[in-house]
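What follows draws every value from the coordinates through simple rules; no lab data is involved. Computed from a prediction, not measured in an experiment: that's the story for all the values here. No Cβ is skipped: glycine too gets one built from the backbone with ideal geometry, and neighbour counts run over all protein chains shown.
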Amino acid sequence: MSRAYEDAMERRRDEYVASALGVSVETLEDHPFELDENASDDGVVYGWRVLWDDEAPPGVDVNGAAGSLWSDIPAEPDGPDEDDS
């Protein structure tokens, strides 16, 4: 994949994640994360788990304890691909 394509996919992913969490993309950029899919054995994605590296943006619902925080968001049709994150 070209670097421009990878950058576009990352922007699209970040825009979806920020929207689903109710924060701006700029706010999201200050809070590093990884995505983990919640999928069935046959590959149907039910949702995404946002795994926060340190902390979530203020006002975002989180689960877990310090050092192991996550937030769940719904799947987006043609949403972020785990391979693109």
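Quick rundown of the values:
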item: Cα pair distances of the range 3-84 binned at 10 Å [whole percent]; result: 18, 52, 27, 3
item: Of 58, 74, 32, the one that fluctuates the most in a GNM where the chain has Cα springs shorter than 10 Å; result: 58
item: Taking 62, 23 and counting other C-beta atoms within 10 Å, the order from fewest to most; result: 62, 23
item: Amide H contacts of residue 38 (H built 1.01 Å from N, under 5 Å, at least 5 apart or other chain); result: 46, 47, 48, 49
item: Residue with peak Gaussian network fluctuation, the chain [Cα springs, cutoff 10 Å], from 66, 18, 56; result: 66
item: Additional length obtainable on full extension of the chain from residue 3 to residue 54, 0.36 nm per residue less Cα span; result: 15.7 nm
item: Helical contribution to [θ] at 222 nm, DSSP H n ≥ 4, -39,500 (n - 2.57), averaged over the chain, rounded to 500; result: -9000 deg cm²/dmol
item: Contour minus Cα-Cα distance for residue 72 and residue 46 (0.36 nm per residue); result: 8.3 nm
item: Ranked list, fewest to most other Cβ atoms within 10 Å of each Cβ, for 13, 49, 3; result: 3, 49, 13
item: Neighbour-count order for 52, 70, fewest beta carbons within 10 angstrom listed first; result: 70, 52
item: Mean Cα-pair separation over length for the chain, i.e. relative contact order, pairs under 8 Å, 6 or more apart, %; result: 29 percent
